[in-house]
Amino acid sequence: DILFEKLNDSDDHVKKTTQKAIHKCVKNHIEHILMRCTSSCPTTKHYCHMYLSKYALININKIEQFIYTASWLDANTLLHLLFNMFKNKIESTLIKATKQPFTQKNAIMMLAIIGSKRSVPHLISLYETPALKRHIIEALKMEEATPCYPVLLSYLDNDASASFIQDMIIKLGQPIAPTLIQYLKFYHVAVSILYLHTGVSLSWRPQNDS
């Protein structure tokens, strides 16, 4: 704490020396930076944010462990800070954060904002949790989340999750409609080609109104 307080010194030389000393001390102990990201001291908080902008990605494993054990405020503040800095570069971290009760709602929203296709199976699984259903739908309704729609529809063939996905499609409504129409058109063409070349007829075929 004394070392961080020196960042407020009026002497520029002292401040530069202090920054070097802190950098050396936290190189293998980034938790000292992480726990001060919500500091009430603007100078300390600014320094910690600047440090993370340079070294967070190479310390992401340690940061993830900190998030899992931190308080609700510290965990979500840090997650939000990292998201603003790195967006899709921390996609894996955000997916892991959906498994933690105190960070999952924010992580779901962030994954939707970056249009994370990799997160779709995780969101389908989380949709089984009643308390998260509305939040997941609201996240996926955002325009940024449209890249997730084709992946979501691709899981309709999975018997284990089909009922959940059907419910999600109904709840999503208008935003997913254009993707759903394209999916049905593609399905109709695919089964028609299959029938013409093999004589095999699938049990269900979307009706073609044209």
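To keep it simple, each residue is scored yes or no on (1) farther than 14 Å from Lys96 by Cβ; (2) modelled with pLDDT of 95 or more; (3) open to solvent by less than 50 Å² (accessible area, probe 1.4 Å).
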position: Lys27; (1), (2), (3): yes, no, no
position: Arg36; (1), (2), (3): yes, no, yes
position: Cys41; (1), (2), (3): yes, no, yes
position: Leu52; (1), (2), (3): yes, yes, yes
position: Ala56; (1), (2), (3): yes, yes, yes
position: Asn59; (1), (2), (3): yes, yes, yes
position: Lys62; (1), (2), (3): no, yes, no
position: Leu73; (1), (2), (3): yes, no, no
position: Leu79; (1), (2), (3): no, yes, yes
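Candidates in the stretch 90-115 are the residues that are under 15 Å from Ala131 (Cα atoms) and in a loop (DSSP other than H, G, I, E, B); of these, the one that is most open to solvent (accessible area, probe 1.4 Å) is Lys99.
Pairing residues of the stretch 27-55 that are closer than 18 Å to Ser71 by Cβ with residues that are polar (S, T, N, Q) and open to solvent by less than 70 Å² (accessible area, probe 1.4 Å), at Cβ distances under 8 Å and at least 6 apart in sequence or on separate chains, gives Ile30/Asn59; Arg36/Thr44; Cys37/Thr77; Thr38/Thr77; Lys45/Thr38; Lys45/Ser39; Cys48/Ser39.
Cβ separations smaller than 7 Å between residues 6+ apart or across chains give the following pairs from the stretch 141-163 residues that are among the small types (Gly, Ala, Ser) to residues that are open to solvent by 20 Å² or more (accessible area, probe 1.4 Å): Ser161/Tyr155; Ala162/Leu156. When restricted to residues that are part of a helix (DSSP H, G or I), open to solvent by 70 Å² or more (accessible area, probe 1.4 Å) and touching a helix residue (DSSP H, G or I) at 6+ places or on another chain (Cβ under 6 Å), the stretch 123-149 contains 1.
What are the residues in the stretch 42-72 that are more than 23 Å from Lys16 (Cα to Cα), outside any helix (DSSP H, G or I) and touching a helix residue (DSSP H, G or I) at 6+ places or on another chain (Cβ under 9 Å), if any?
Initial filter on the stretch 42-72 (more than 23 Å from Lys16 (Cα to Cα)): 57-72.
Right, trim to outside any helix (DSSP H, G or I) and you get 70-71.
Correct list: Ala70 only.
Examine the stretch 172-188 for a residue that is crowded, with 16+ Cβ neighbours inside 10 Å, among the hydroxyl-bearing types (Ser, Thr, Tyr) and at pLDDT 85 or above, and state whether such a residue exists. Yes, there is a match, as at least one residue in the stretch 172-188 is crowded, with 16+ Cβ neighbours inside 10 Å, among the hydroxyl-bearing types (Ser, Thr, Tyr) and at pLDDT 85 or above.
The values are calculated or read from the model by the stated rules, or taken from the named source; none is laboratory data. Because the structure is a prediction, the values reported are computed rather than measured. For neighbour counting, all protein chains shown are included, and Cβ atoms are generated from backbone atoms with ideal geometry for every residue, glycine included. Ligands, DNA and RNA are excluded from the accessible area calculation, which covers all protein heavy atoms including side chains. Shrake-Rupley method; radii C 1.70, N 1.55, O 1.52, S 1.80 Å.
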